[in-house]
2 protein chains.
Amino acid sequence: MRTSNLLISTTRETPSDAVVISHQLMLRAGIIRPLAGGLYNWLPLGVRVLRKVEAIIREEMNRSGAQEVLMPVVQPMELWEESGRAQDYGPELLRFKDRHQRDFALGPTHEEIITDLVRKEIRSYKQLPANFFQIQTKFRDEIRPRFGVMRSREFIMKDAYSFHMDRESLQQTYDEMFDAYNRIFTRLGLDFRPVQADTGSIGGDGSHEFHVLAESGEDDIAFSTASDFAANVELAEAVAPKGERAAATEALTEVATPNKHSIEEVCDFLQLKKKKIVKTLLVKGADEKHPVVALVVRGDHELNEIKAEKLDLVAEPFEMASDEEILAAAGCNAGSIGPVGLNIPVIVDRTAAHMSDFVCGANKDGFHVTGANWDRDATATLVADIRNVVKGDPSPCGNGKIEIRRGIEVGHIFQLGNKYSTALNATVQNENSRSQILEMGCYGIGVTRVVAAAIEQNFDDKGIIWPESITPFQVCIVPMQMHKSPRVKEAAEAMYQELTAKGIEVLFDDRSERPGVMFSDMDLIGIPHRIVIGERGLDNGQIEYKYRRDEQAQDVATEGFMDFLMAKLEK
Amino acid sequence: MRTSNLLISTTRETPSDAVVISHQLMLRAGIIRPLAGGLYNWLPLGVRVLRKVEAIIREEMNRSGAQEVLMPVVQPMELWEESGRAQDYGPELLRFKDRHQRDFALGPTHEEIITDLVRKEIRSYKQLPANFFQIQTKFRDEIRPRFGVMRSREFIMKDAYSFHMDRESLQQTYDEMFDAYNRIFTRLGLDFRPVQADTGSIGGDGSHEFHVLAESGEDDIAFSTASDFAANVELAEAVAPKGERAAATEALTEVATPNKHSIEEVCDFLQLKKKKIVKTLLVKGADEKHPVVALVVRGDHELNEIKAEKLDLVAEPFEMASDEEILAAAGCNAGSIGPVGLNIPVIVDRTAAHMSDFVCGANKDGFHVTGANWDRDATATLVADIRNVVKGDPSPCGNGKIEIRRGIEVGHIFQLGNKYSTALNATVQNENSRSQILEMGCYGIGVTRVVAAAIEQNFDDKGIIWPESITPFQVCIVPMQMHKSPRVKEAAEAMYQELTAKGIEVLFDDRSERPGVMFSDMDLIGIPHRIVIGERGLDNGQIEYKYRRDEQAQDVATEGFMDFLMAKLEK
């Protein structure tokens, strides 16, 4: 394509309201334009990228045996009432009435619609398993849309829903989707990790998020330095320290810590490392017999509420005890609690349980104790994993240590079980002609978000650097002063024709702009391979080539240039 | 693909609420399923067709030089206020508030959005002309959605908008779109006609509708029997009869026609053909001097309000005179008006003006006159084309006669002029650095509607017959009792593998269904080429082939079968 036929809408200035790099570059390179809060127009360059992302996803979904469907953006609220989500889903579900005052919503997701379709269309176990996907516009009325298309209100999603007679079949399709997602993100040219995610009440190995690794990511991902293990920090298991706990060497001693409440203040005052102290938090208990329970973690560790909440003794949803409850249970305020002499259940993190001669609150305002030891001075009702992993922890897979990096969630696969099929009574006849509730899985990819994530991972100070598989054009031709030099024009046109005939996607910059403008535009919009044709090169029988990630351009003999370029493109 | 991996959801019964054949067959063949009034899920078979239609449209739009963009489904009402359409557009525009109480609508069309985008992004005449298209979900809150996806509320449209410095450039892009649309509907395999359409206030040759010809069409299209001429019946010119008007032979005579008001009643009573009488209608005039004017057409012709409204003497919008006005102007009621002695402007249709010795109302209740003649008895203030063409009229192109058929509008191209660019002040700098309002064109294709229209034109009593370019599968393989015969299974699998390897889209019916069920399913879903593999054929070294439109299957020697099939597929 010629730039004269393409809306190249680049700007030098970084828009002030764009804080993440992908948002800035998508605006500057003319990929998107805002229409209203959280609503974006995709310009021609952006649509070219979007369509390539969609094509890769569609191919791999088809390859996996999933069937493409298309469900409406506008959904009747009746089905949301039936599933119970009409109540659960907050104001992100944009609801409205049609001209006949019937209730509808803009679909943020399509579980209800597909389950309704399947309960009507699929009658027999013989038709299962089945996996249906669509690539469709979604809407979530985010209270504060931000980061451009990374968290917009209207966006494109690939969502898929699978239906099964049993958990084994669900697991098989889930595994196939896991593989398909790996193929998709690999083909998209992204550095990504499948990450174990929270499955809520389902438990087990039933949920993975796919994260593109990038500093701007919103999520912390825990990796092993020596294996494929990756999990959301909140979900990664903090394993018990190896070996026996060291024996007690100190006597239990009360020390005054006047007005020192936080771990930092106490450690400063007592000249301690945080690793020598334990943090004791009182939270609501699960039953009336134990309305308050204590959670103990090492001073430098953070309590993980998701893990704690799953314990039988802890109330769900997780809630901190009130000041009154703390005073009643521990006889002091929050800053002075400790496990010694505490007369409520004490749940101790595995690492804290491995400490000896530790410091903790004395359950008396303004005092701590030193030289505390488990069993001798304090009793752990339960030892459990209740903290977040930190860098350097042993990996729960058994190999290597934990490393933490930031990720952008671009995909999520999830074993739904029978949540929706039960609510909507989606049954089929099994082999014994009995009606049976279906098992379901769901599998999403944020299509528009993938484009932003690709940029977060691939840019420099000049602009975007597209992965080859989703670049809007593979090659750009920049002719020097073409409008003054018939030779340059002829050579550039010939190159354009030749490459186009080979099926290569070429952007031919035929504008009458200064070379500097053309170079920075092509760098900004991120075309991987640049060819410069000018008088000097023609005189010397050379063509200038530059790979977008290289610092320097190189002169290549015209003679073998096409072979040279083809080799570059195949890389 | 194997039917065991595809949701084949066919039914024998014709759904009672589906009145047009495409709606019936799309439901019966499992192409679509209703979700709510005017909202449909597209099942896997349907999506395959939809994607092919989209691909053809996208290819030809790209070939024409149009640039693909993507604009949000959800649109801010501010822009609709600015264009003035917030007032003009009725309840078909579904409006709602977001969580911050800001006003939005679901886009039924995108003129405002693209004009806003262009006024911000395009600064100079050097960037023009430009034509932007998208393939996107649209929503119109139809009061009575019907005919399935033919008139649904949510639908997919290809809409394009072009921008120009002047009318010549607009005309050029318009002509290119005209050609692109012809290529698109030809490639879709449809019998269609580009039809001149009403341009409203723009006038000229600035609007064409593309109609798929089908008996169920909602529009009447006038064709020439001898040329490419086609126009909406309401727009086709009714040309003047050839030759001189016959001389008067009868004397003007008043006859009593008691209680005879309609043309039919009067003709019956006087034993006349309708061609011997004229119909005189009083309508509101355009200025105060002539608050009422008369319109005269031949008794068997129909007044065309659109044509009449365009005349200077006639009020716009067109409105019939009230009973009081009629009595005041003609001295009688509506059933007895005639041009003889009428003291208001009389506009006479070209054909009516060619009549002599005609019958008309006497402007006296219960009386008509016979033997009336123009000039001698009545004066035509103006002779003009104010009627609908009828079958047998000479074609206005000069060749052949008018034929009328029904059509389904699937595309529309339109020269918008500066309606939106003026309202939204979309200007660019012209060559003299002056700010200049843009000219616009718009070009739509109803993507989902095309699928229904293709069926309206291609079906029989067994089901759909897909055009080859949009069929979900080109070939189906139906094995006989495969689950009992390893020979048949092996031969069918081999055929499936061989055809698939050749890049042919094959549907392999590997279900354990009776042959009759498989045959009728394959006929119903409309696969053009059917291959049957059974024991008997294998014994005889033959494969059964049937083209969907043929009555009879034929046995083809296994030896040359592949060449035979390839020849059929290339047709």
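We did not get these values from a lab; they are worked out from the coordinates using the rules stated. Bear in mind that the values here come from a model prediction, so they are computed numbers and not experimental data. Note that we place each Cβ from the backbone using ideal geometry, even for glycine, and neighbour counts take in every protein chain shown.
Here are the numbers for the structure shown:
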quantity	calculated
Other protein chain Cβ atoms within 10 Å, averaged over every residue that makes up A:476-482	0
Chain B: antiparallel DSSP beta bridges as a percent of all, rounded to 5	80 percent
Size of electric dipole in the stretch B:326-421: Cβ of Lys, Arg +1 and of Asp, Glu -1, about Cα centre, debye, nearest 20	300 debye
For the A-to-B rotation axis, chain A residue with nearest beta carbon and its distance in angstrom	A:PHE96, 2
Label spacing, shortest first and in nm, from B:HIS290 to its equivalents in the remaining copies (7 angstrom along Cα→Cβ)	9.8
Peptides ranked, highest mean first, by Cβ atoms within 10 Å: ranges B:451-459, B:502-510	B:451-459, B:502-510
Quotient of C-alpha Rg and 2.2 N^0.38 Å, computed over the stretch A:312-439	1.65
Leading residue at positive end of dipole, the stretch B:162-278 (Cβ point charges), from B:ALA222, B:HIS211, B:THR173	B:ALA222
Efficiency of FRET between A:ASP300 and A:LYS242 - r from beta-carbon atoms, R0 25 angstrom, step 0.05	0.85
For residues of A:68-80, the mean tally of beta carbons on other chains within 10 Å	6
GluC sites (Glu not before Pro) restricted to DSSP loop in the stretch B:75-105 with at most 14 other C-beta within 10 Å	B:GLU92
Chain A: calculated mean residue ellipticity at 222 nm from DSSP helix runs of at least 4, using -39500 (n - 2.57)	-8000 deg cm²/dmol
The stretch A:222-347 - percent relative contact order, Cα under 8 Å, separation 6 or more	22 percent
Spatial separation of Cα centroids for the stretch B:461-516 and the stretch A:517-547, in angstrom	52 Å
Debye, to nearest 20: dipole size of the stretch B:169-307, +1 on Lys, Arg Cβ, -1 on Asp, Glu Cβ	560 debye
13 Å Cα-Cα reach of A:LYS279 towards aspartates and glutamates, excluding residues that sit fewer than 8 places from it in its own chain	A:GLU264, A:GLU265, A:ASP300, A:GLU302, A:ASP349
Per-residue average of Cβ from other chains inside 10 Å of B:115-125	2
Straight-distance crosslink candidates among aspartates and glutamates, where the alpha carbon sits under 12 Å from B:LYS138 and sequence neighbours closer than 8 are dropped	B:GLU92, B:GLU154, B:ASP159
7 Å along Cα→Cβ, label-point gaps from A:GLU302 to other copies, nm, shortest first	7.4
Whole-Hz couplings from phi, Karplus 6.51/-1.76/1.60, listed for the stretch B:174-185; x for Gly and Pro	4, 5, 5, 5, 4, 5, 4, 5, 4, 5, 4, 6
For A:GLU468, label point 7 Å along C-beta direction: distances to other copies, nm	3.7
Burial ordering of A:SER207, B:SER435, fewest other beta-carbon atoms within 10 Å first	B:SER435, A:SER207
Over 29 Å (Cα to Cα) - which of A:LYS52/B:LYS158; A:LYS120/A:LYS158; A:LYS97/B:LYS52; A:LYS52/A:LYS307; A:LYS391/A:LYS462 fall in this group	A:LYS97/B:LYS52; A:LYS52/A:LYS307; A:LYS391/A:LYS462
Ranking of B:HIS354, B:HIS529 by count of other Cβ atoms within 10 Å, fewest first	B:HIS354, B:HIS529
Restricting the stretch A:1-73 to GluC sites (Glu not before Pro) in coil, as DSSP defines it, with at most 15 other Cβ within 10 Å	A:GLU13
Within chain B: Cβ-based charge dipole about Cα centre, in debye rounded to nearest 20 (Lys, Arg +1; Asp, Glu -1)	1160 debye
Counted charge near A:VAL195, where neighbours are those whose Cβ lies closer than 9 Å (Asp, Glu -1; Lys, Arg +1)	-2
Residues of type lysines that A:LYS126 reaches as a straight line, Cα spacing below 23 Å, ignoring anything fewer than 8 places off in the same chain	A:LYS419, B:LYS484, B:LYS489
Gap separating the Cα centres of the stretch A:243-264 and the stretch A:336-373, nearest whole Å	8 Å
Qualifying trypsin sites (Lys or Arg not before Pro) in the stretch B:128-213, DSSP loop, other Cβ atoms within 10 Å at most 15	none
Residues B:ILE306, B:ILE8, A:ILE21, sorted so that the one with the fewest Cβ neighbours within 10 Å comes first	B:ILE306, A:ILE21, B:ILE8
